[in-house]
Protein chains: 2
Amino acid sequence: MEKKGRTEIADLGEFGLIDRLTGSFGKGNPSTVTGVGDDAAVLAPAEGDAVLCSSDTMFEGVDFDLTYFPLKHLGYKAVTAGVSDILAMNGTPEQIMISLGVSAKLSVEALDALYEGIAFACREHRIDLVGGDTKSSMTGLVLGITAIGSASRERVVYRSGAQRHDLVCITGNLGAAYMGLRLLEREKRVLENVTNPEPQFEGYEYLLEKYLKPRPRTDIIEALAEERIVPTAMIDLSDGLSSDLLQICKASKCGVRIYLDRIPIARQTTALAEEMHVDPVVAALHGGQDYELLFTVPLEMREQVMRLGLVDVIGHITDAEAGACLVTPDGAEIRLRAQGFPERN
Amino acid sequence: MEKKGRTEIADLGEFGLIDRLTGSFGKGNPSTVTGVGDDAAVLAPAEGDAVLCSSDTMFEGVDFDLTYFPLKHLGYKAVTAGVSDILAMNGTPEQIMISLGVSAKLSVEALDALYEGIAFACREHRIDLVGGDTKSSMTGLVLGITAIGSASRERVVYRSGAQRHDLVCITGNLGAAYMGLRLLEREKRVLENVTNPEPQFEGYEYLLEKYLKPRPRTDIIEALAEERIVPTAMIDLSDGLSSDLLQICKASKCGVRIYLDRIPIARQTTALAEEMHVDPVVAALHGGQDYELLFTVPLEMREQVMRLGLVDVIGHITDAEAGACLVTPDGAEIRLRAQGFPERN
């Protein structure tokens with residue numbers, strides 16, 4: 001699709017802009033009564049269902065850098081961030097609201113691209129866009145994301161249900177999103193003053209995809225339901241394994257013991273980490289933004305969980321007194337510490 | 001309460017900060033299953049109820065100026081903005097989520113004040129705080145507000161139900177919040193380089209209150225329910241009478257005719273408008289942020305509505321072809337135009 005010209009946001013006005021951006025969204029979920037266009041969205045949850053609701057914000061300059069983050073991908077990632085919270089409660093994501101704060105430097109065409117990504121993610125995950133507003137921001141682009149979903153009340157999974165001896169399971173692999181970010185930052189620095197920059201991403205495409213276009217693990221929640229597994233606790237890995245595990249320990253009043261050599265790390269993650277003199281384990285523990293799921297199940301469910309073929313068991317829950325620790329291959333124990341997504345320079 | 005010292009946000013960390021700010025919030029509504037502290041809030045709506053959900057954002061430098069907007073009032077106003085959207089659907093507000101983007105210039109004590117205002121509003125309107133996150137923002141303070149409420153499905157009121165001959169009703173009076181803002185901006189300019197500024201607000205306290213601490217019209221929704229009046233259409237007056245009326249006309253595919261001399265304007269609004277050479281009617285039509293309610297009812301409900309004692313009838317709904325117009329006392333007709341909250345200099 002060729003970009004033709006540039007339309008200023010002021011030319012459309014707030015309401016014209018909202019119509020243009022959201023006009024083509026339909027509604028598909030039976031619980032969606034109305035979509036965009038009233039003071040509030042109206043939802044009709046199925047009888048006996050719990051309604052799940054989460055809110056996130058993404059700030060330009062903190063959560064993304066528009067010099068290398070394509071707006072279409074940003075729209076997709078915003079939906080992923082919201083959807084992932086609902087999945088982490090063992091719920092089915094159904095609706096989303098996106099509020100924008102936009103600076104005048106963005107054209108209407110740029111916002112079209114953002115909404116293309118939002119629409120793509122909504123179709124992929126069968127989610128209805130049901131609201132949100134658009135305002136001018138004095139500074140950078142800000143996205144406010146409200147995700148809504150449902151689950152039958154007895155199947156909602158909290159952070160607080162982990163029990164001693166439970167297995168600690170994670171999906172996918174860790175640290176890839178963080179190394180994707182590091183790669184993008186490196187190429188940005190290297191090519192800062194180059195006229196026709198040609199960033200070198202060869203061999204690391206998977207890392208870029210994990211950072212720029214992470215997919216929420218809807219497949220896991222569906223597979224758990226099929227196998228009739230209800231985890232005792234669950235959280236999505238958005239802050240990093242270490243920090244997110246500590247959240248489970250705090251909420252469940254327990255300790256945890258995980259084994260370094262069981263933490264799944266992708267080959268590209270290890271390769272780039274070595275090239276950049278970063279410890280891949282640090283990326284896995286503290287990188288964050290992987291949007292994988294971490295959950296616990298009773299010990300006796302081991303076989304059932306392994307049968308899913310989608311999950312690694314990396315440790316088990318202990319008494320609170322034992323604390324949270326990482327065991328290295330030579331048997332040394334390292335205490336886990338919280339640490340968010342490392343700040344960029 | 002005396003302020004003692006200054007605690008930096010970095011000293012507490014993200015999770016310590018959230019605990020401090022939200023730790024004292026309880027839950028009171030039967031539909032609130034869990035509050036703050038998981039991936040998503042869990043709600044259990046009553047059987048047959050519709051769930052209402054709205055999202056708003058407030059940006060420093062656009063929606064508020066911290067040089068004169070006390071943080072406690074800002075917290076209160078954020079809740080009002082959310083609650084007002086739920087009321088405008090004829091719903092009962094029950095939960096709220098507040099996401100913050102905070103710059104390092106704010107201390108923990110400043111955020112305490114913000115949350116004091118949020119807590120005050122939550123108690124006043126029996127609302128549970130059920131979520132939200134806190135992040136650093138590179139720029140100013142940003143508040144993301146998600147409000148949730150409920151209504152029995154047949155009592156939800158949309159913008160789209162206004163019918164020809166319906167009466168156009170509004171609560172309270174208009175333009176006061178806008179004149180409050182103008183007053184604060186004037187005093188800020190006048191006192192910019194004064195060492196011990198003493199702003200002159202005497203006689204205009206009501207205007208400041210309407211701008212800094214607007215109360216959502218929960219009383220109206222309760223009174224309508226008591227009188228068994230279900231409006232045909234409703235919207236909250238956040239963008240200004242003119243713009244909000246046009247939203248009703250667009251959604252209901254109708255026109256409207258309102259009478260200038262019936263628009264309620266408070267004495268302080270008129271007085272300050274004259275002092276500042278502003279047309280008070282312009283303030284009422286385009287000022288916005290009054291958080292009053294505008295609704296329509298069938299003509300035959302006139303007496304019932306007047307009995308409420310809280311409402312003014314300012315006009316009636318017409319065919320779409322007639323457009324939206326304001327009739328002056330001498331019979332001239334002026335076409336209504338959308339115009340948001342005027343930009344400040």
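The residue list A:Leu52, A:Leu74 contains one member that is aliphatic (A, V, I, L, M) and in a strand (DSSP E or B), which is A:Leu52.
Evaluation of A:Ile145 against the conditions (1) out of contact with any His (no Cβ under 6 Å at 6 or more places or on another chain); (2) within 30 Å of A:Ile263 (Cα to Cα); (3) crowded, with 20+ Cβ neighbours inside 10 Å shows that the sole unmet condition is (2). Within the range A:1-11, the set of residues being within 14 Å of chain B (Cβ to nearest Cβ) and either surrounded by fewer than 17 Cβ atoms within 10 Å (Cβ to Cβ) or touching an Asp or Glu at 6+ places or on another chain (Cβ under 6 Å) (or both) comprises A:Ala10 only. Selection over the range A:117-137 of residues that are buried (at least 18 other Cβ atoms within 10 Å of the Cβ), more than 8 Å from chain B (Cβ to nearest Cβ) and not β-branched (Val, Ile, Thr) gives a count of 7. Of all residue pairs spaced 6 or more apart or on separate chains, those with beta-carbon atoms under 9 Å, a first member in the range B:56-83 that is more than 11 Å from chain A (Cβ to nearest Cβ) and touching a residue at least 24 places away in the same chain (Cβ under 8 Å) and a second member that is outside any helix (DSSP H, G or I) and of a type in the set (Phe, Trp, Tyr) are B:Leu74/B:Phe64; B:Lys77/B:Phe64; B:Lys77/B:Phe69; B:Lys77/B:Tyr291; B:Thr80/B:Tyr291. Of all residues in the range A:25-33, none are touching a helix residue (DSSP H, G or I) at 6+ places or on another chain (Cβ under 6 Å), under 30 Å from B:Gly240 (Cβ atoms) and either within 11 Å of another protein chain (Cβ to nearest Cβ) or assigned to a helix (DSSP H, G or I) (or both).
Within the range A:211-231, not a single residue is of a type in the set (Val, Ile, Thr) and free of Cβ contacts under 8 Å to residues at least 24 places away in the same chain.
Count of the range A:196-210 residues, restricted to those that are more than 16 Å from A:Arg267 (Cβ to Cβ) and touching a residue at least 12 places away in the same chain (Cβ under 8 Å), is 2. With the requirement that a residue be facing chain A (nearest Cβ under 9 Å) and within 19 Å of A:Gly37 (Cα to Cα), what does the range B:84-95 give you? The answer is B:Ser84, B:Asp85, B:Ile86, B:Leu87, B:Ala88, B:Met89, B:Gly91. Of the residues examined, A:Ala151 is not one that is more than 14 Å from chain B (Cβ to nearest Cβ) and either touching a residue at least 24 places away in the same chain (Cβ under 8 Å) or surrounded by fewer than 20 Cβ atoms within 10 Å (Cβ to Cβ) (or both). Considered as a group, the residues in the range A:138-148 that are hydrophobic (A, V, I, L, M, F, W, C) and closer than 15 Å to A:Phe59 by Cβ include one that is nearest to the other protein chains (Cβ to nearest Cβ), and that residue is A:Met138.
For the range A:306-313, the count of residues that are in a strand (DSSP E or B), over 24 Å from A:Ile86 (Cβ atoms) and either touching a strand residue (DSSP E or B) at 6+ places or on another chain (Cβ under 9 Å) or at pLDDT 95 or above (or both) is nonzero. Reported count of residues in the range A:271-322, each being among the small types (Gly, Ala, Ser) and over 24 Å from the mean Cα position of the chain (by Cα), is 2. If only residues of the range A:250-259 that are within 23 Å of the chain's Cα centre (by Cα) and either of a type in the set (Lys, Arg) or surrounded by fewer than 21 Cβ atoms within 10 Å (Cβ to Cβ) (or both) are counted, the one that is nearest to A:Pro329 (Cα to Cα) is A:Lys250. Counting only residues that are of a type outside the set (A, V, I, L, M, F, W, C) and more than 7 Å from every other protein chain (Cβ to nearest Cβ), the range B:38-55 holds 2 of them. Applying the set (1) within 23 Å of A:Thr34 (Cβ to Cβ); (2) buried (at least 19 other Cβ atoms within 10 Å of the Cβ); (3) away from chain B (no Cβ under 14 Å) to A:Asp166 leaves exactly one unmet item: (1). Consider A:Glu47 carefully, then state whether it is farther than 16 Å from A:Arg215 by Cβ and in contact (Cβ under 8 Å) with a residue 12 or more places away in the chain. No; evaluated as a whole, the condition is false for this residue.
Go through A:Tyr211, A:Tyr158, A:Tyr178 for me and flag whichever is farther than 22 Å from A:Val281 by Cα and of a type in the set (Phe, Trp, Tyr).
Being farther than 22 Å from A:Val281 by Cα and of a type in the set (Phe, Trp, Tyr) holds for just one of A:Tyr211, A:Tyr158, A:Tyr178, which is A:Tyr158.
Of the residues that make up the range A:221-233, is at least one touching a Leu at 6+ places or on another chain (Cβ under 6 Å) and at pLDDT 95 or above? Yes, the range A:221-233 has at least one match. Of the listed requirements (1) more than 13 Å from chain B (Cβ to nearest Cβ); (2) modelled with pLDDT of 95 or more, A:Ser107 misses just one: (2). Give the residue that is nearest to B:Ala284 (Cα to Cα), with candidates limited to residues of the range B:221-246 that are touching a helix residue (DSSP H, G or I) at 6+ places or on another chain (Cβ under 8 Å), assigned to a helix (DSSP H, G or I) and within 14 Å of chain A (Cβ to nearest Cβ). Top of the filtered list is B:Ser242. Just give me the residues in the range A:34-44 being part of a loop (DSSP other than H, G, I, E, B), of a type in the set (Gly, Ala, Ser) and in contact (Cβ under 8 Å) with a residue 40 or more places away in the chain, in sequence order. Selection gives A:Gly35, A:Ala40. The C-beta contact set for the range A:158-184 (first residue closer than 21 Å to A:Tyr204 by Cβ, second residue surrounded by fewer than 24 Cβ atoms within 10 Å (Cβ to Cβ) and of a type in the set (Val, Ile, Thr), distance under 6 angstrom, 6+ apart or interchain) comprises A:Asn173/A:Ile265; A:Gly175/A:Ile265.
Only one of these is closer than 30 Å to B:Arg123 by Cα and either of a type outside the set (A, V, I, L, M, F, W, C) or at pLDDT below 95 (or both): B:Tyr259, B:Tyr204. Name it.
B:Tyr204
Within the set A:Arg262, A:Arg302, A:Arg267, the sole residue that is exposed (fewer than 15 other Cβ atoms within 10 Å of the Cβ) and closer than 25 Å to A:Val156 by Cβ turns out to be A:Arg302.
Conditions tested, residue by residue: (1) out of contact with any Phe, Trp or Tyr (no Cβ under 8 Å at 6 or more places or on another chain); (2) in contact (Cβ under 8 Å) with a residue 12 or more places away in the chain; (3) closer than 23 Å to A:Gly331 by Cβ; (4) part of a strand (DSSP E or B).
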residue: A:Ile265; (1), (2), (3), (4): yes, yes, yes, no
residue: A:Thr270; (1), (2), (3), (4): yes, no, yes, no
residue: A:Ala273; (1), (2), (3), (4): yes, yes, no, no
residue: A:Val281; (1), (2), (3), (4): yes, yes, yes, no
residue: A:Thr296; (1), (2), (3), (4): yes, yes, no, yes
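Residues that are buried (at least 23 other Cβ atoms within 10 Å of the Cβ) and among the basic types (Lys, Arg) do not occur anywhere in the range A:183-201.
Here B:Gly61 does not fit the description of being under 27 Å from A:Gln95 (Cα atoms), among the small types (Gly, Ala, Ser) and surrounded by fewer than 21 Cβ atoms within 10 Å (Cβ to Cβ).
The values are calculated or read from the model by the stated rules, or taken from the named source; none is laboratory data. Since the structure is predicted, the reported quantities are computational estimates derived from the model, not experimental observations. All Cβ positions, glycine included, derive from the backbone under ideal geometry; neighbour counts span all protein chains shown.
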